[in-house]
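Below: the structure, in structure tokens.
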Amino acid sequence: MSSLFRYIPSVDRFLQTLEAEDAFAPVPRPELRVQVGAFLDLCREEIREGVLTTPEDLAWERLVLRARAFVRTAVRPHFRRVINATGVVIHTNLGRSILADQAVQAVVDGCRHYSNLEMNLATGQRGSRYAHVEALLCRLTGAEAGLVVNNNAAAVLLVLDTLAKEREVVVSRGQLVEIGGSFRIPEVMKKSGAVLREVGATNRTHLHDYAQAITERTALLMKVHTSNYRIIGFHKEVSAPDLVALGAEHGLPVFEDLGSGNLFDFSPYHFMSEPTVQQVVRAGVQVVSFSGDKLLGGPQAGIIVGHKKYIDQIKKNQLNRALRIDKMTLAALEATLRLYVDPETARQAVPTVRMITAPKQEIQHKAQALQRKLRATLGDLAEIACAPGQSRVGGGSFPEQDVPTVLVRIYPRVRSVEALRDGLLQTDPPVIGRVEDGALCCDPRTIEPGEYGLIAAAMLSVLTRQNS
Ligand SMILES: *Cc1c(COP(=O)(O)O)cnc(C)c1O
């Protein structure tokens, strides 16, 4: 075994070979040396473990192929672009919403240069970072005031900490939800120091349940959008206007955690209606919070709007400083919100809204174009068909409401469908699809036309790879 070590080529030989290749040109020489060294350590380990057993296993042609792949993986960024072929528009694992071009440009401009982040250019004095979006938020939602924090979980924490610390918050038992495995209303409430007062039964809560729970310790009536699940059948929830009226009788504000919080009215697009933020504000709810990167289609953020009296208190909370958003988020959020000034502009320019409302015809055309591209590239390696299927909105929006789509179904002839799916996680860029009924399915709803060629190339590389 020890004699095999002699067959390992020198670091310098690898270095000379890789340095001559364009792909490695941007990698500094010391880093290339470190990674080649790590690769040769791996080879030695494989000799000791009996994985590499003959001089042929250590042939230069074989090793240089492996070294190239090893170094390429080691030096590329860990955080990378992927292609979302799942059809889940707001896919939390894939970064939720992608940004509108206008928002991307605003981020680039705001980061490449200095900015008026906290300077009032009218006076030359210190300004507020929230000034960039507050007026726009008020205009779009009809609220008197607003602010933005890191995400909606932070928004809920901040609202409860400000308005209900050490006092009671009345919430319907049916709305004590867990979202995405890490956000549970009762636990966030505990962190804020507010005391949860559950009322009603899981499936039904009446106005008198809230009324009976109100005492001198009550600070807030709270409504939570149940986002990723829905109770069907014998079910009752109290409407926002009724809760607001009850609160008014007792001098208590109502806070609604809307979750997704859409500014765009999706009801003409055949969705079971979800209230828009504007509607909730109009119903008189004093404080409303929602995410920036769900249905809104902007950056990760938690948006709080409502009556000035309460928003002013929230702005003064010291916690706010720990939860504040950075300039990149602000830039992207302002640019995204500006698109909503005209709903049709938002529909076309905000990718999340565009994908959800994409007409059937457009999806059909995209499916056919992707199918043609895959057939032309893959030839006999796979059978490609188009078939009706379902997309998902995701992000806890419009639960159990699938959106009809056309899936491009790939049946590989030379590999198992699972091997194709897994292999696509390693391509550059990776392609994330789903396996359904023995086919790898690509949903054109979440795929940009410019990505068809990348998908085809990725599949070709997986289906023609030597030893996988
Ligand atoms: C998604 C969601 C949250 C958490 O929002 P993030 O922006 O992910 O922090 C809170 N409440 C509800 C109802 C939600 O749907």
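So what's the gap between the Cα centers of the range 275-306 and the range 94-160, to the nearest angstrom?
Cα centres, the range 275-306 to the range 94-160: 14 Å.
Per-residue ellipticity at 222 nm for the chain, helices alone: DSSP H runs ≥ 4 residues times -39500 (n - 2.57), over residue total, nearest 500 deg cm²/dmol? Intermediate results must be reported in sequence, preceding the final value.
Values: 18 runs with 190 residues, N = 468.
Calculated from helices alone, the mean residue ellipticity at 222 nm is -12000 deg cm²/dmol.
If you take the Cα atoms of the range 376-432, find Rg, then find the Kirkwood Rh from the mean of 1/r over all pairs, what is Rg/Rh? Provide the component values of the computation, followed by the final result.
On the way: Rg = 14.3 Å, Rh = 13.5 Å.
When Rh is taken as the Kirkwood radius, the ratio is 1.06.
Give the dimensionless ratio obtained when the Cα radius of gyration of the range 49-175 is divided by 2.2 N^0.38 Å. Provide the component values of the computation, followed by the final result.
Values: Rg = 25.9 Å, N = 127, 2.2 N^0.38 = 13.9 Å.
For the range 49-175, the normalised Cα radius of gyration is 1.87.
Let me see the pair-distance distribution of the range 101-349: every alpha carbon pair, 5 Å bin width, integer percents in order.
1, 6, 13, 18, 19, 16, 12, 7, 4, 2, 1, 0
Can you pull out the trypsin sites (Lys or Arg not before Pro) in the range 395-468 that DSSP calls coil and that have at most 12 other Cβ atoms within 10 Å? Please list the in-between numbers first.
Numbers: sites: ARG409, ARG413, ARG415, ARG421, ARG434, ARG445, ARG465; in loops: ARG413, ARG415, ARG465.
For trypsin sites (Lys or Arg not before Pro) across the range 395-468 that sit outside H, G, I, E and B with at most 12 neighbouring Cβ atoms in 10 Å, the list reads ARG413.
Of the listed pairs LYS190/LYS327; LYS236/LYS294; LYS223/LYS360; LYS236/LYS315, which have alpha-carbon separations greater than 28 Å here? Numbers along the way, then the final one.
Working: LYS190/LYS327 30 Å; LYS236/LYS294 26 Å; LYS223/LYS360 35 Å; LYS236/LYS315 34 Å.
Result: LYS190/LYS327; LYS223/LYS360; LYS236/LYS315 exceed 28 Å.
Taking the Kirkwood radius as the inverse of the mean 1/r across Cα pairs, report the Rg/Rh of the range 1-107.
Details: Rg = 19.7 Å, Rh = 16.8 Å.
Rg divided by Rh gives 1.17.
Over the chain, what is the relative contact order in whole percent, taking alpha-carbon pairs under 8 Å and six or more residues apart? Display every interim value, and only then the final one.
Numbers: 825 pairs, mean separation 88.4, N = 468.
The normalised contact order for the chain reaches 19 percent.
Which of the listed residues, SER172, PHE70, HIS91, is farthest toward the dipole's positive end in the range 53-178, when Lys, Arg count +1 and Asp, Glu count -1 at the beta-carbon?
PHE70
Rounded to whole Å and sorted largest first, what semi-axes of the equivalent ellipsoid does the C-alpha gyration tensor of the range 288-360 yield via the square root of 5 times each eigenvalue? Don't skip to the answer; put the middle values down first.
Numbers: eigenvalues 152, 34, 21 Å².
Equivalent-ellipsoid dimensions as semi-axes: 28, 13, 10 Å.
In whole Å, largest first, what are the principal axis extents of the Cα atoms in the range 137-249?
36, 34, 31
For an R0 of 30 angstrom, estimate the FRET efficiency from the Cβ-Cβ distance between ARG324 and GLN348 and round to the nearest 0.05. It would help to have the intermediate numbers written out before the result.
Values: r = 32 Å, r/R0 = 1.05.
Given R0 = 30 Å and the Cβ-Cβ separation, E is 0.40.
Given the C-alpha atoms of the chain, compute the convex hull and give its volume per residue in Å³.
On the way: hull volume 90.9 nm³, N = 468.
It is 194 Å³ per residue.
Over all directions, what mean area does the Cα convex hull of the range 331-408 project, stated in square nanometres? Let's see the in-between values first.
Numbers: hull surface 28.4 nm².
Mean projected area for the range 331-408: 7.1 nm², to one decimal.
Can you pull out the GluC sites (Glu not before Pro) in the range 390-468 that DSSP calls coil and that have at most 15 other Cβ atoms within 10 Å? Let's see the in-between values first.
On the way: sites: GLU400, GLU418, GLU436, GLU451; in loops: GLU400.
Sparse-neighbourhood loop GluC sites (Glu not before Pro): GLU400.
Could you compute the FRET efficiency for THR73 and SER182, with r as their C-beta to C-beta distance and R0 at 25 Å, rounded to 0.05?
Working: r = 29 Å, r/R0 = 1.18.
The formula returns an efficiency of 0.25 here.
Given contacts defined as C-alpha pairs under 8 Å and at least six residues apart, what's the relative contact order of the range 422-468, whole-number percent? Could you put the intermediate results ahead of the total?
Working: 25 pairs, mean separation 19.8, N = 47.
Across the range 422-468, relative contact order equals 42 percent.
Separation of the range 1-59 and the range 414-449 by C-alpha centroid, Å?
Answer, in whole Å: 32.
Which loop trypsin sites (Lys or Arg not before Pro) in the range 1-80, with loop taken from DSSP, have no more than 14 other Cβ atoms within 10 angstrom of their Cβ?
Values: sites: ARG6, ARG13, ARG33, ARG44, ARG48, ARG62, ARG66, ARG68, ARG72, ARG80; in loops: ARG80.
Counting only loop positions with at most 14 other Cβ atoms within 10 Å, the trypsin sites (Lys or Arg not before Pro) in the range 1-80 are ARG80.
Translational diffusion coefficient, Stokes-Einstein: compute it for the range 403-468 using the Kirkwood radius over C-alpha pairs as Rh, at 37 °C and 0.692 mPa s, and state it as an integer in µm² s⁻¹.
Details: Rh = 12.2 Å.
Roughly 270 µm²/s, to the nearest whole number.
Please work out how much length the chain gains when fully extended from ALA369 to ASP422, using 0.36 nm per residue of separation minus the C-alpha to C-alpha distance, in nm with one decimal.
Working: separation 53, 0.36 × 53 = 19.08 nm, distance 2.41 nm.
Extra length available between ALA369 and ASP422 comes to 16.7 nm.
If N is the number of residues in the range 28-89, what value comes out of its Cα radius of gyration divided by 2.2 N^0.38 Å? Display every interim value, and only then the final one.
Numbers: Rg = 16.0 Å, N = 62, 2.2 N^0.38 = 10.6 Å.
That works out to 1.52 for the range 28-89.
Tell me, what is the percent relative contact order of the range 312-468, built from C-alpha pairs under 8 Å that lie six or more residues apart?
So the answer I get is 20 percent.
If I model a spin label at ARG81 and ARG33 as a point 7 Å from the Cα along the Cα→Cβ vector, what separation in nanometres do I get?
Taking the simple label geometry, ARG81 and ARG33 are separated by 3.4 nm.
Taking Rh as the Kirkwood radius computed over C-alpha pairs, what is the Stokes-Einstein D of the range 255-307 at 10 °C in a medium of viscosity 1.306 mPa s, expressed in µm² per second?
The diffusion coefficient I find is 141 µm²/s.
Based on the Cβ-Cβ distance from GLU144 to HIS235, what FRET efficiency comes out when R0 is 35 Å, to the nearest 0.05? Please list the in-between numbers first.
Details: r = 33 Å, r/R0 = 0.94.
For R0 = 35 Å, the calculated efficiency reads 0.60.
Values in this text are rule-based calculations from the coordinates and carry no lab data. All values derive from a computational prediction rather than experimental measurement. Using ideal geometry, Cβ is built from the backbone for each residue, glycine included, and neighbour counts are taken over all protein chains shown.
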